[in-house]
Amino acid sequence: MNVQAAANALLEAEKMKTPISPFTSLPEQITARDAYSIQLLVIQSKVNAGATVKGMKIGLTSKAMQEMLNVYTPDYGHILDSMVFEQDLPVELLQFIHPRVEFEIAFVLKEDIKGPNVTAEDVVRATDYVVPAIEIIDSRIKDWKIKFEDTVADNGSSGGAVLGKTKTPLDEIDLATVEMKAFKNNEHYDTATGAAVLGNPIEAVVWLANELGSYDISLKKGQFILAGALSKAVDIVEDVEYSADFGPLGKVAVSFVKAGVTK
């Protein structure tokens, strides 16, 4: 697999808003290592152009998504400063290809974490607070026809993030039992608990820290980590508000417009 050519194809697809065929459909085989190499080349290209890594996202944390892609490990991607949106401002849809919205719990770090051998206790100690969050997912792969290697190469199919404003220390909450109710224009459509994410979202951050540690990469103080979707992703529709009530963790909401006011 020519990883540089693949990275260039993804960058062009994002720029032109024209999705490409899945890498897994091509005659040339792509491995998981190839896919992460492609992702890092794309991110490095953007960092070289002035972007800053603000956080990380963890995907494929639910059994349903793992079974759909026939993989039984999570994946990860990077969240850049250009991908972070304020919940008080509508997000412009034209910057995406086929966006969807997911609700998650985000961890904000007060100290670095680096694997290997990171434990849940290490994550709790390094976390400043958690907030309710929205991940906007998007695919530069045509029609979301993705397999594991496709979504990994495509930065975990990430498009953006919206962080809620209620900050909760981890010692005040059991994340596994937190109930999330999701709404579209105040119409309830889904309910889930934190246990949907690897039994507890803390375990997702443990996995990420140890996975990155194998590449000699640390999670950094001040970064946030989207720990994985509590429930199914839904397609985004213009002029609809998507919101979630996480009970003791507070609420988060976002709306979308075709074009207009953005961050």
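Residues considered: VAL130, VAL53. Of these, the only one that is more than 28 Å from ASN8 (Cα to Cα) and touching a residue at least 40 places away in the same chain (Cβ under 8 Å) is VAL130. The set of residues in region 24-40 that are closer than 15 Å to LEU10 by Cα and open to solvent by less than 60 Å² (accessible area, probe 1.4 Å) comprises THR24, ILE30, ASP34, ALA35, TYR36, SER37, ILE38, GLN39.
Region 180-263 holds strands (runs of 3 or more DSSP E) entirely within its bounds, and those carrying 2 or more residues that are touching a helix residue (DSSP H, G or I) at 6+ places or on another chain (Cβ under 6 Å) and at negative phi map to 224-229. Within region 177-218, the set of residues being open to solvent by less than 20 Å² (accessible area, probe 1.4 Å) and of a type in the set (Gly, Ala, Ser) comprises ALA182, ALA192, GLY194, ALA204, ALA209, GLY213. The number of residues in region 42-63 that are open to solvent by 70 Å² or more (accessible area, probe 1.4 Å) and among the small types (Gly, Ala, Ser) comes to 1.
Can you confirm whether LEU80 is more than 17 Å from VAL197 (Cβ to Cβ) and touching a residue at least 40 places away in the same chain (Cβ under 8 Å)? No; evaluated as a whole, the condition is false for this residue. Quick one: is ASP216 under 15 Å from GLU102 (Cα atoms) and acidic (Asp, Glu)? No: the conditions fail for ASP216. Residue count for region 47-69 satisfying the condition of being at pLDDT below 80 and over 26 Å from ILE113 (Cβ atoms): 4.
Which members of region 83-108 meet the condition of being charged (D, E, K, R) and touching a residue at least 12 places away in the same chain (Cβ under 8 Å)?
Kept after step one, since they are charged (D, E, K, R), are these residues of region 83-108: 86, 88, 92, 100, 102, 104.
Within region 83-108, GLU86, GLU92, ARG100, GLU102, GLU104 meet the criteria.
Among residues of region 93-121 being touching a strand residue (DSSP E or B) at 6+ places or on another chain (Cβ under 6 Å) and of a type in the set (Asp, Glu), the one that is farthest from ASP239 (Cα to Cα) is GLU104.
Can you spot a residue in region 13-20 that is more than 17 Å from GLY77 (Cα to Cα), part of a helix (DSSP H, G or I) and either in contact (Cβ under 8 Å) with a residue 24 or more places away in the chain or polar (S, T, N, Q) (or both)? Yes: region 13-20 contains one or more residues that are more than 17 Å from GLY77 (Cα to Cα), part of a helix (DSSP H, G or I) and either in contact (Cβ under 8 Å) with a residue 24 or more places away in the chain or polar (S, T, N, Q) (or both). Applying the condition of being among the polar types (S, T, N, Q) and closer than 13 Å to VAL162 by Cα to region 231-263 and asking which residue is modelled with the lowest pLDDT yields THR262.
The values are calculated or read from the model by the stated rules, or taken from the named source; none is laboratory data. Just so you know, these numbers come straight off a predicted model, no measurement behind them. Cβ coordinates were reconstructed from backbone atoms using ideal geometry, including for glycine residues, and neighbour counts include every protein chain displayed. Quick note on the areas: whole protein, heavy atoms, side chains included, nothing else; ligands and nucleic acids left out. Shrake-Rupley method; radii C 1.70, N 1.55, O 1.52, S 1.80 Å.
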